[in-house]
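Input: a single structure, listed below in structure tokens.
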Amino acid sequence: MENMDWGALGFDYRKTDANVRYYYTDGKWSEMEVTGDEYIKIHMSASCLHYGIELFEGLKAFRGVDGKVRLFRVEENAKRLQSSAERLCLPVPTIEMIVKACVEVVKRNEKYIPPYGTGASLYLRPVMFGTTAGLGVKPAKDALLIVYCSPVGAYFKDGIKPISVAIDREQDRAAPRGTGDVKVGGNYASSLLSGENGHKLGYSNIMYLDAAEHKYIEECGACNFFGIKEGKYITPKSSSVLPSITNKSLRQLARDMGLEVEDRLIPVEELPTFEECGGCGTAAVISPIGKIFDMQTNDIYEYGTEVGKVCMELYTRLQDIQYGRAEDKYNWCTIVE
Ligand SMILES: *Cc1c(COP(=O)(O)O)cnc(C)c1O
């Protein structure tokens, strides 16, 4: 793509050449279909539109220092997609189907994979929803699984730097035993209002507390939270937190760095004791947190305007694997040829 300004890319949809689809009807999946069509035609009474029977995934392909294309931990995204489908009573596609679709989308859109060194990448978006027409609330009998992609820019245009987040106690993200631990659209629809309230005050993300007691830290926008102190990487244990694949990877890298990893409840009162903290997810890898403001109590927690040493090292180690600069000793990358 000679005329593409890779450095100017943000996180927006860009048309590519092909997307991949599987249709579930009459109790079975279709063969994989490849199409250039960006549109779908569904019935106005399709269950996804009325009852939120919808899930999605997000993962990236990177062009490495050696020119090879690496898809990061695609099987993990496939497994998480399966757990979301089970939770919504949707048909469950196989890991092989999902991985095959992701690989195919990358291959068919090779020219949209940003060059090495631009910080940009190819974002893959698997999305699946119930398409059965009807009125009653019941599981969908038909579904459509689409995997498409879009080139996206570097998350931090001028290098990684700390963000400010706000705690919101007026709206919760997910209830205990609700759907917080699966990647389904409803969770994001319900998070928009608190997100907007935070944005108005200049905060980029909302930090959610546990919905039952508002005592423990849960998530940081669409990122998992982690805190660093006394040689430990600490991340919330909760049944309403989405199991982030980035967090899972960072926990391994933290152990490699000699840090102890703790998955446990993190009370809000512990915030002042962290040396560093951050959010983590596919989009940014790590968003170091510089400041946390509690919108209801007015408490402020500050961690400085520079990226902490541990955050920086974790970030570098993960990106080194994604871009092929370091050995992929856990086999996280699928090379797409
Ligand atoms: C997608 C997502 C994450 C990050 O997951 P990754 O697999 O690391 O991209 C974290 N929290 C929420 C709520 C999410 O939707």
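The values are calculated or read from the model by the stated rules, or taken from the named source; none is laboratory data. In this text, all values refer to a predicted model and were calculated from it rather than measured experimentally. Note: ideal-geometry Cβ built from the backbone for every residue, glycine included; neighbour counts use all protein chains shown.
One table, with the values for the structure above:
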| read-out | value |
| --- | --- |
| Criterion: surrounded by 14 or more Cβ atoms within 10 Å (Cβ to Cβ) and within 16 Å of the ligand (Cβ to nearest atom) - qualifying residue of F11, F62 | F62 |
| Number of the condition not met by P91 [criteria: (1) within 16 Å of the ligand (Cβ to nearest atom); (2) touching a residue at least 24 places away in the same chain (Cβ under 8 Å)] | (1) |
| Residue check for E57: closer than 21 Å to N187 by Cβ, within 20 Å of the chain's Cα centre (by Cα) and without any contact (Cβ under 8 Å) to a residue 24 or more places away in the chain | no |
| Complete set of residues in the stretch 247-268 that are surrounded by fewer than 22 Cβ atoms within 10 Å (Cβ to Cβ), within 22 Å of K291 (Cα to Cα) and among the β-branched types (V, I, T) | V268 |
| Test set (1) surrounded by 13 or more Cβ atoms within 10 Å (Cβ to Cβ); (2) within 16 Å of the ligand (Cβ to nearest atom) - I228 fails condition number | (2) |
| Index of the failed condition, L271 passing every other in (1) under 17 Å from D299 (Cα atoms); (2) modelled with pLDDT of 95 or more; (3) within 15 Å of the ligand (Cβ to nearest atom) | (3) |
| Any pair with Cβ under 6 angstrom, 6 or more apart, that starts in the stretch 205-222 at a residue that is within 11 Å of S240 (Cβ to Cβ) and ends at one that is more than 13 Å from the ligand (Cβ to nearest atom) and of a type in the set (D, E, K, R) | Y216/D210; E218/D210 |
| Residue within the stretch 285-308 that is touching a Phe, Trp or Tyr at 6+ places or on another chain (Cβ under 6 Å), more than 24 Å from N197 (Cα to Cα) and not assigned by the TED database to the domain that holds E57 present | yes |
| Selection within the stretch 148-200 - within 15 Å of the ligand (Cβ to nearest atom), without any contact (Cβ under 8 Å) to a residue 60 or more places away in the chain and either of a type in the set (A, V, I, L, M) or in contact with a helix residue (DSSP H, G or I) (Cβ under 7 Å, 6 or more places away or on another chain) (or both) | Q171, L192 |
| Residue in the stretch 151-192 that is modelled with the highest pLDDT, counting only those that are surrounded by 21 or more Cβ atoms within 10 Å (Cβ to Cβ) and of a type in the set (K, R) | K183 |
| Subset of the stretch 241-261 [in a loop (DSSP other than H, G, I, E, B) and near the ligand (Cβ under 10 Å from one of its atoms)] | V241, L242, P243, S244 |
| Qualifying position, being within 16 Å of the ligand (Cβ to nearest atom), acidic (D, E), assigned by the TED database to the domain that holds M32 and touching a residue at least 40 places away in the same chain (Cβ under 8 Å), among E104, E110, E76 | E76 |
| Identity of the residue in the stretch 1-42, at pLDDT below 95 and among the aromatic types (F, W, Y), that ends up nearest to the chain's Cα centre (by Cα) | F11 |
